[in-house]
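The values are calculated or read from the model by the stated rules, or taken from the named source; none is laboratory data. Because the structure is a prediction, the values reported are computed rather than measured. Cβ placement follows ideal geometry from the backbone for every residue including glycine, while neighbour counts extend to all protein chains displayed. Note: areas computed on protein heavy atoms with side chains; ligands, DNA, RNA excluded. Shrake-Rupley method; radii C 1.70, N 1.55, O 1.52, S 1.80 Å.
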Amino acid sequence: EDQVTQSPEALRLQEGESSSLNCSYTVSGLRGLFWYRQDPGKGPEFLFTLYSAGEEKEKERLKATLTKKESFLHITAPKPEDSATYLCVGGTSYGKLTFGQGTILTVHP
Amino acid sequence: SAVISQKPSRDICQRGTSLTIQCQVDSQVTMMFWYRQQPGQSLTLIATANQGSEATYESGFVIDKFPISRPNLTFSTLTVSNMSPEDSSIYLCSVEDPGYPADTQYFGPGTRLTVL
């Protein structure tokens, strides 16, 4: 059975305190590993797609990396506006997505 | 990426009634998806809707409860029928942007449904 596991479930940081979110995946026929940001009561906002081990993508204070079994979302010098739930999602053919439970990030000023 | 809107953004309904949620995309797309996100949970796929064919439902979801229409390549509706408090959730539509080697899904803003 396909599975995506994110850790920690919740992470509290001080503004400027860098950290990483972890995503372990077991997805048969994985074609892409996606990261989304979701604010409370809103739909997920697309951040990155990673296709192959060793790939890295960056956007502002976020950098996503991929290995054969894990993905990491590194947050450098976070700001309070980075507070959100971050979803790791495995994608296969025909629109099938396997969602992690998400990491709730809170950044305190 | 496609711009997706949903109506209504939120609603409070009485048990036993039905609600139809609309999803509009600013470009033509082949595949549209409907998801449910229960409180504190991640997203669960309800069904896949292709224009011109019957929607394909995931295990645990049936057409009588969640009828879907897909009249054209930019629009779809999801109806939540005979609602109960257990149907209180955020309902999201998404569209697929074809890519290689993986297609990317973009999500609408969601419809927050509360059933009393």
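Please give the length that would be gained between A:E60 and A:Q14 if that part of the chain were fully extended, namely 0.36 nm times their separation in residues minus their C-alpha to C-alpha distance (nm, one decimal). Can you show the working numbers first?
On the way: separation 46, 0.36 × 46 = 16.56 nm, distance 1.79 nm.
In short, 14.8 nm is gained.
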query: For chain B, what's the relative contact order in percent, using C-alpha pairs closer than 8 Å and at least 6 residues apart?
result: 36 percent
- request: Please give the average number of partner chain Cβ atoms lying within 10 Å of the Cβ of each residue in A:27-37, rounded to a whole number.
  value: 2
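Given Cα pairs under 8 Å that are at least 6 residues apart, what percent is the relative contact order of the stretch A:3-108? Provide the component values of the computation, followed by the final result.
Values: 272 pairs, mean separation 40.9, N = 106.
Relative contact order for the stretch A:3-108 comes out at 39 percent.
List the pairs from A:K42/A:K68; A:K96/B:K7; B:K7/B:K65; A:K42/B:K7; A:K63/A:K96; A:K69/A:K96 whose alpha-carbon separation is above 22 Å, in the order I gave them.
Numbers: A:K42/A:K68 31 Å; A:K96/B:K7 25 Å; B:K7/B:K65 19 Å; A:K42/B:K7 13 Å; A:K63/A:K96 25 Å; A:K69/A:K96 19 Å.
From the list (A:K42/A:K68; A:K96/B:K7; B:K7/B:K65; A:K42/B:K7; A:K63/A:K96; A:K69/A:K96), the Cα-Cα distance tops 22 Å for A:K42/A:K68; A:K96/B:K7; A:K63/A:K96.
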Isolated Cys residues of chain B, judged by Cβ distance under 4.7 Å to other cysteines: B:C13
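With every protein chain present, what is the per residue accessible area of the protein assembly as shown (1.4 Å probe, Å²)?
In whole numbers, the protein assembly as shown has 49 Å² accessible per residue.
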task: Quick one: check the C-alpha center-to-center distance for the stretch A:62-109 versus the stretch A:10-27, whole angstrom.
output: 8 Å
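Between chains B and A, what is the buried accessible area summed over both chains (1.4 Å probe, protein heavy atoms, nearest 100 Å²)?
Numbers: alone 6410 and 6310 Å², together 11070 Å².
Adding both sides of the contact gives about 1600 Å².
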message: For the pair B:S53/A:Y51, report the inter-label distance in nm, with labels modelled 7 Å from Cα in the Cβ direction.
response: 2.5 nm
Label point at B:R10 placed 7 Å out along Cα→Cβ; residues across the stretch A:71-109 whose backbone nitrogen lies under 19 Å: A:84-85
Chain B, accessible surface, carbon-and-sulfur percent (1.4 angstrom probe): 48 percent
